[in-house]
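*Asks:* Once you've had a glance at the structure underneath, I'll fire off some questions.
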Amino acid sequence: MTNPTVKRVAEPSAVRSFIQRIMRNQLTWSVVALIALIVLCTIFDRQFLSLSYNPRTGGLSGPMITMLQESARYLMIATGMTLVVSTSGIDLSVGSVMVVAGAISMQLLSTGTNVWLSILVALGLGLVLGAINGALVSLLGLQPFITTLIMMLAGRGLAKVITSGQNTDASTVAGGEPLKWIANGFVLGLPANFIIAVIIVALVGLLARKTAMGMMIESVGINKEASRMAGINPKKILFLVYVVSGLLAAVAGLFATASVMRVDVSKTGQDLEMYAILAVVIGGTSLLGGKFSLLGSALGAIIIAMIRKTIITLGIDSAATPAFFAVVVIIICVMQAPKIRNLSAEFKRKNAIKASQKAAIA
Amino acid sequence: MKISWKKGIALVAASATLFGMAACGSSSSSDGDDAKKTVGFVAVGPEGGFRTANENDVQDAFKTAGFDLIYSPTQNSDQQKQIQAFNKFVNDEVDAIVLSATEATGWEDSLKKAKEAEIPVVLLDRGIEPNDTDLYAAHIGPSNTWAGEQAAEFVNEQFPDGANGFVLEGPAGLSVVNDRRSGWESKLDSKQKVLESQSANWSTDEAKTVTAGLLDKHKSQNVQFIFAQNDEMGLGAAQAVDAAGLKGKVKIITIDGTKPALQALIDGDLSLVIEYNPIFGEVAAQTVSDILDGKTVDKDIVVESKVFTAEEAAKVIDSRPY
Amino acid sequence: MSENQPIVEMQGITIEFPGVKALDGVNLRLFPGEIHALMGENGAGKSTMIKALTGVYKINGGSISVDSKPQTFTGTADAQNAGIATVYQEVNLCTNLSIGENVMLGHELHGPLGINWKKTHAQAKRHLATLGLQHLDSHASLSSISIAMQQLVAIARAMVIDAKVLILDEPTSSLDANEVEHLFSIMRQVRDSGVAILFVSHFLDQIYEVTDRLTVLRNGTYIAEVMTKETPRDELISMMIGKSAGELSQIGAKKSSRTVESGEQPVASVEGLGKKGSIKPISVDIFKGQVLGLAGLLGSGRTEFGRLLFGADKADEGVYKLHGSDANIDTPASALRGKVAYSTENRRDEGIVGDLTVRENILLALQAIRGMFRPVPKKEADAIVDKYMKELNVRPADPNKLIRNLSGGNQQKVLLARWLATKPELLILDEPTRGIDIGAKAEIQQTVLELAEQGMSVVFISSELEEVVRLSDDIVVLKDRRKIAEILNDGTISPETIVQTIANSDVETTNSGKAA
């Protein structure tokens, strides 16, 4: 180490370790990705970050606002999915639960049911579908993938039964305003659904981290048998996460349908289970289960909404949008991979070794 | 509610097919006496207002005409399921097949099999590509190209000096999307400027998001028209336009003519709705019956559709079944 | 034998992890045809040294040469190519594959149509036969044979690559006496064919029985290389721990046996507790402050009985009483609520929750008893974690480390802390000292005695009879899933007594009041 070639300009070590910590943190890269997408959009559309007050809606308007509005549903399903994935499970039925909840709410509303009752029934139905998933996975020990795949298929069928195959429209039904407001209204200038979603995510976060729920979910996800031997009831935990996921998917379904006050039985929630899984992965929760990060998943959900916004803003050809989506997600995942994150450190180490070897020869 | 639950049962049967329990069809092949002719209906299933109205009408018309119609819908526009159903009908030796294809391409082999088995095939709504007229007996349906043309002509009429706007398309690659686009492009005056075409996947919800994004992006361009390739997307676009405070300033043109769209037309949310007439069950039943009787029929039967303005919509809305 | 050239020579090996020097200039020489023991306490650097030799870790300093050729290993494949084969501490095979597939994994024989399974299995059988394992069915699933047998399969697997050096890291920790003997005969056979064997074990007896040469490490530094025969035990121990042997008092030697008052109410009492296919009905009373040893060979039903007491398996017959009243113990949760705790023998699969921190692992069971929505208050949790980590001397003393990064002995201490945090009245310890180093072992034994003195009842299960005899007040002897005797440890009992009891078990032996 006395070799002068190895010596570098020393940074204060506190600063360096802080930077290192930031570089290693997965969330950092999610934030970087989000900012990169926003910068990209701003280059294409100088007005992208502009906000204006819209007196008609009583809120701000602008590209970022519609993005946040759309992110609300992803926040919901990504949060539920995070808990499920943490138990090393998966919930493929979130998109279908969304359409069921949307279908029942629109159908009830259009047949004259009170709006609050409609919302309640929709949430209740989401809860029940989640409970069925949970019961099959926990009590019968079925594989989560198969169980929720069946629910995914059956759910969409159920939605079609509920509306008799129609795309039920409740936009002109009197008394539907509260539901419409939930998806389209504004609180303090910000989209109401985004605010509601953030509050729900925060509540789930508090529930998970301020009680022992989070630790128990992780424990079951990491080692189910050891958790059982420690007195935890893994069945209860598994049941719980699927119920939560179903309930949150129902909220997402309300957001999606209330946005236009119309359920589209074959389109609402379609492919959204994939978005939820992607958000979870971007957020840093391993699909093998274990430690989860709700904050990471929430960030992942917003990134998903941002990618979709980018597609519109850049005017990407519709045939190419899935490919664009895939490329962005892959780039984010690669940036987060530990190997890549350690790459710079590895380079430094190799250079140092080379330098010392040269010195040794000389 | 009673009727809808019956439909519901049909839908449950539809989902049952999806789970691999191919339920329907097997009972049909046994009728040796010529009392009732059996017709297999390879259908799309629940997709939207148009499809539901169309398929209900076809089913009713064939039943009224005294056919034994076996309805076999697919799910989520899955062509594979349709091909399976089609081949099953061929194997079961039905008397005729009516096919409402989800996709135009990929039908050659199945149609050849039907031809070999001497089972006449009548195409409903969507044609096939490449359009080999030897492979089917007749094609019945409204014209997508025509619908696109009507939309363009309306824009030309409304804005003789030219205007800016954009197009909301269905999923890339579908022949409906291509036909409606080519009709639109063929008639659209060069003074009119399409700022951007984007897909909103036939979905109201997505159309709203996409429209909001496009309105933001082209704020300075004075957008005056939006051509939505179907009603669902038009309704979404209308909501985005409304939220942006541009209601009445942007003309929205849609194709299909479902009841919610006509209502929106009357309410002033939409400016023009071009019908894509789903009611041709009777024509279809008559055509099939003629073919089975050995009469010659036209290869391409175009179903007439209407163009609705708010006034005309008000006249028919109450009697509109879908 | 030692006149020849070393096959492996590691010189001045240094390995650094962020903030720690795991190895600092350590030397190791392995000679062909010799069994070499790597000795040291946990954390001395044995595993790190092995990982350097097998290419898992890159070395930051020093040199490795194999067959006098300098080597730089950049991965395990390099080490394997150099002829170094390894069997790790915990069996690391694929339990869902067949035995043959495991043996041949990555070395399958190929035919024109991909892998020729017939030939591959035949080859696997030959490899197994050379180790005297010809009775194993190469097509059977690995999970169908005992852990002990899996261990031997792992050695067969290591031999497939025609190794010059065979590394056995704690191979004996899960074997019983017969199996150890079998293993040793295999090791000697392999040694005599000219292979150098590096052997790691915590059992000093085994070291003296089978090895030729020793290298001793302490705190990541090299202490000495000596011939086994020329080194007395106490000298070896003091080299390892850096203290003289006399300081290690014989734990439990001065212990006076606890006597049961007549009419005393047992803490726990089971009558005819059994489970079909697992263990025949057993009756046992366990009193306050009593250490009840469970002795018997591997597979005698020791663990099965422990699991029944804890409700980990559900008994299908018998009566279970706690403090004289019927208790319904059918899940671990119900046992914990009844103040019964059980520390598993299968630390990796049923004990630790690897990706949780030490702190979380300690709090897990206590939290489970309290319920999800009544979290242990942070202050209380801190106090509990701090208390037990100190009392049990958990190293490193950082509660926020992931438990999987701790050594086996420290994981065991954390698990013990988990159970103690629930304040159990009856603590069942299944092989608590298996696979951990002398220091930690002594600490755990000491803790058991202290707990009993404070009034806790302990059921102590171990395959080391010496340990059972030294710690227990009473010893229940099991054989063939039956209780064959209960022996009062009055000071005249020795491991021999128990061995004889098992051997003569056709005659039911009882020297205390309790019948089998």
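*Asks:* State whether one or more residues within segment A:81-90 are closer than 29 Å to A:LEU314 by Cα, part of a helix (DSSP H, G or I) and away from chain B (no Cβ under 12 Å).
*Replies:* Checked against the condition, which is being closer than 29 Å to A:LEU314 by Cα, part of a helix (DSSP H, G or I) and away from chain B (no Cβ under 12 Å), segment A:81-90 yields no hits at all.
*Asks:* Next up: Quick check on my filter: what residues within segment B:261-270 are at the interface with chain A (Cβ under 10 Å from one of its Cβ atoms) and of a type in the set (A, V, I, L, M, F, W, C)?
*Replies:* Those that are at the interface with chain A (Cβ under 10 Å from one of its Cβ atoms) and of a type in the set (A, V, I, L, M, F, W, C): B:ALA261, B:ALA264.
*Asks:* Consider B:THR309 against the criteria (1) closer than 27 Å to A:ILE65 by Cβ; (2) away from every other protein chain (no Cβ under 14 Å); (3) polar (S, T, N, Q): it satisfies all of them except one. Which criterion is unmet?
*Replies:* B:THR309 satisfies all of (1) closer than 27 Å to A:ILE65 by Cβ; (2) away from every other protein chain (no Cβ under 14 Å); (3) polar (S, T, N, Q) except (1).
*Asks:* Follow-up. Tell me which residues, restricted to segment C:360-380, are more than 7 Å from chain A (Cβ to nearest Cβ), part of a helix (DSSP H, G or I) and within 20 Å of A:ILE237 (Cβ to Cβ).
*Replies:* Residues satisfying the conditions are C:ASN361, C:ILE362, C:LEU363, C:LEU366, C:ARG370.
*Asks:* Quick one: which helices (runs of 4 or more DSSP H) sit completely within segment B:141-225 and have at least 1 residues that are over 22 Å from the mean Cα position of the chain (by Cα), under 22 Å from A:ILE316 (Cβ atoms) and at pLDDT 90 or above? Even if it seems obvious, please write down each step before you answer.
*Replies:* Values: elements: B:144-158, B:175-187, B:204-217.
Hits in segment B:141-225: B:204-217.
*Asks:* If you don't mind, there's one more thing I want to ask. So for segment C:204-220 (the condition being out of contact with any strand residue (DSSP E or B) (no Cβ under 7 Å at 6 or more places or on another chain) and closer than 23 Å to C:ILE13 by Cα), does at least one residue qualify?
*Replies:* yes
*Asks:* If we scan segment C:420-430, do we find a residue that is farther than 20 Å from C:SER472 by Cα and crowded, with 19+ Cβ neighbours inside 10 Å?
*Replies:* The answer is yes, given that some residue of segment C:420-430 is farther than 20 Å from C:SER472 by Cα and crowded, with 19+ Cβ neighbours inside 10 Å.
*Asks:* To continue, here is another question. Run down A:ILE195, A:ILE200 and say which single residue is surrounded by fewer than 23 Cβ atoms within 10 Å (Cβ to Cβ), away from every other protein chain (no Cβ under 14 Å) and free of Cβ contacts under 8 Å to residues at least 24 places away in the same chain.
*Replies:* A:ILE195
*Asks:* Got a number for residues in segment C:456-466 being modelled with pLDDT under 90 and over 14 Å from the mean Cα position of the chain (by Cα)?
*Replies:* Count: 2.
*Asks:* While we're on this one: I'd like to check which strands (runs of 3 or more DSSP E) are fully inside segment B:33-117 and have at least 2 residues that are crowded, with 21+ Cβ neighbours inside 10 Å and in contact with a Pro (Cβ under 9 Å, 6 or more places away or on another chain).
*Replies:* B:38-43, B:96-99
*Asks:* Determine, yes or no, whether C:ASN400 is in a loop (DSSP other than H, G, I, E, B), within 14 Å of chain A (Cβ to nearest Cβ) and out of contact with any Gly (no Cβ under 7 Å at 6 or more places or on another chain).
*Replies:* When the stated conditions are applied, C:ASN400 passes them.
*Asks:* Something else: Out of C:ARG418, C:ARG434, I need the residue that is within 13 Å of the chain's Cα centre (by Cα) and either assigned by TED's automatic domain parsing to the domain that holds C:ARG347 or at pLDDT below 90 (or both). Which one?
*Replies:* C:ARG434
*Asks:* Determine if segment B:231-242 includes at least one residue that is more than 19 Å from A:SER171 (Cβ to Cβ) and in contact (Cβ under 8 Å) with a residue 12 or more places away in the chain.
*Replies:* no
*Asks:* Next question, about the same structure. What residue, of A:ALA159, A:ALA170, A:ALA135, is more than 9 Å from chain B (Cβ to nearest Cβ), buried (at least 17 other Cβ atoms within 10 Å of the Cβ) and in contact with a Lys or Arg (Cβ under 9 Å, 6 or more places away or on another chain)?
*Replies:* Sole residue among the options that is more than 9 Å from chain B (Cβ to nearest Cβ), buried (at least 17 other Cβ atoms within 10 Å of the Cβ) and in contact with a Lys or Arg (Cβ under 9 Å, 6 or more places away or on another chain): A:ALA170.
*Asks:* Turning to a different aspect of this structure: Residues in segment A:332-341: is at least one surrounded by 13 or more Cβ atoms within 10 Å (Cβ to Cβ), at pLDDT 80 or above and within 30 Å of A:PHE194 (Cα to Cα)?
*Replies:* yes
*Asks:* Among the listed residues C:LYS288, C:LYS321, identify the single one that is modelled with pLDDT under 95, more than 24 Å from C:ILE498 (Cβ to Cβ), outside any loop (DSSP other than H, G, I, E, B) and away from every other protein chain (no Cβ under 14 Å).
*Replies:* C:LYS321
*Asks:* Could you tell me which of the residues B:GLU275, B:GLU312 is modelled with pLDDT of 85 or more, within 16 Å of the chain's Cα centre (by Cα) and either of a type in the set (Asp, Glu) or farther than 30 Å from A:THR313 by Cβ (or both)? Spell out how you get there, then give the answer.
*Replies:* Details: B:GLU312 fails: within 16 Å of the chain's Cα centre (by Cα).
Within the list B:GLU275, B:GLU312, the selection yields B:GLU275.
*Asks:* Another question, then. Output yes when any residue across segment C:399-408 is charged (D, E, K, R) and either buried (at least 19 other Cβ atoms within 10 Å of the Cβ) or at pLDDT 95 or above (or both), and no when none is.
*Replies:* Kept after step one, since they are charged (D, E, K, R), are these residues of segment C:399-408: C:401, C:404.
Okay, now just the ones that are also either buried (at least 19 other Cβ atoms within 10 Å of the Cβ) or at pLDDT 95 or above (or both), so none.
Looking through segment C:399-408, none of the residues is charged (D, E, K, R) and either buried (at least 19 other Cβ atoms within 10 Å of the Cβ) or at pLDDT 95 or above (or both).
*Asks:* When you go through (1) surrounded by fewer than 20 Cβ atoms within 10 Å (Cβ to Cβ); (2) more than 11 Å from chain A (Cβ to nearest Cβ); (3) in contact with a helix residue (DSSP H, G or I) (Cβ under 9 Å, 6 or more places away or on another chain) one by one for B:GLU196, which number turns out not to apply?
*Replies:* (2)
*Asks:* Hey, can you tell me all the residues within segment A:173-191 that are more than 11 Å from chain B (Cβ to nearest Cβ), assigned to a helix (DSSP H, G or I) and in contact (Cβ under 8 Å) with a residue 12 or more places away in the chain?
*Replies:* Correct list: A:GLU177, A:PRO178, A:LEU179, A:ILE182.
*Asks:* Do any strands (runs of 3 or more DSSP E) lying entirely in segment B:227-322 carry at least 3 residues that are of a type in the set (S, T, N, Q) and on the phi < 0 side of the Ramachandran plot, and which ones are they? Break it down into steps so the answer makes sense when it comes.
*Replies:* Numbers: elements: B:251-256, B:272-275, B:300-302.
Counting at least 3 such residues, we get no strands (runs of 3 or more DSSP E) at all.
*Asks:* Further question: At pLDDT 95 or above and either of a type outside the set (Ser, Thr, Tyr) or buried (at least 24 other Cβ atoms within 10 Å of the Cβ) (or both), is that true of A:LEU247?
*Replies:* The answer is yes for A:LEU247.
*Asks:* Being within 13 Å of another protein chain (Cβ to nearest Cβ), of a type in the set (Gly, Ala, Ser), farther than 30 Å from C:ALA22 by Cβ and part of a helix (DSSP H, G or I) is true for just one of C:ALA383, C:ALA333, C:ALA341. Which residue is that?
*Replies:* Criteria check complete, one pass: C:ALA333.
*Asks:* Being part of a helix (DSSP H, G or I) and within 14 Å of chain C (Cβ to nearest Cβ) is the requirement here; does A:GLY214 meet it?
*Replies:* On the way: part of a helix (DSSP H, G or I): yes; within 14 Å of chain C (Cβ to nearest Cβ): yes.
Yes, satisfied.
Here's the yes/no breakdown for (1) buried (at least 24 other Cβ atoms within 10 Å of the Cβ); (2) at the interface with chain A (Cβ under 8 Å from one of its Cβ atoms):
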position: B:PRO171; (1), (2): no, yes
position: B:SER175; (1), (2): no, no
position: B:GLN192; (1), (2): no, no
position: B:THR204; (1), (2): yes, yes
position: B:ALA212; (1), (2): yes, yes
position: B:ALA237; (1), (2): yes, no
position: B:GLY248; (1), (2): no, no
position: B:LYS259; (1), (2): no, no
position: B:LEU272; (1), (2): yes, no
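*Asks:* What about A:ILE237, is it within 14 Å of chain B (Cβ to nearest Cβ), under 19 Å from A:THR87 (Cβ atoms) and either touching a strand residue (DSSP E or B) at 6+ places or on another chain (Cβ under 8 Å) or in a helix (DSSP H, G or I) (or both)?
*Replies:* Criteria not met by A:ILE237.
The values are calculated or read from the model by the stated rules, or taken from the named source; none is laboratory data. Since we're looking at a predicted model, the values are computed, not measured. Please note: Cβ atoms are built from the backbone with ideal geometry, for glycine as well, and neighbour counts cover all protein chains shown.
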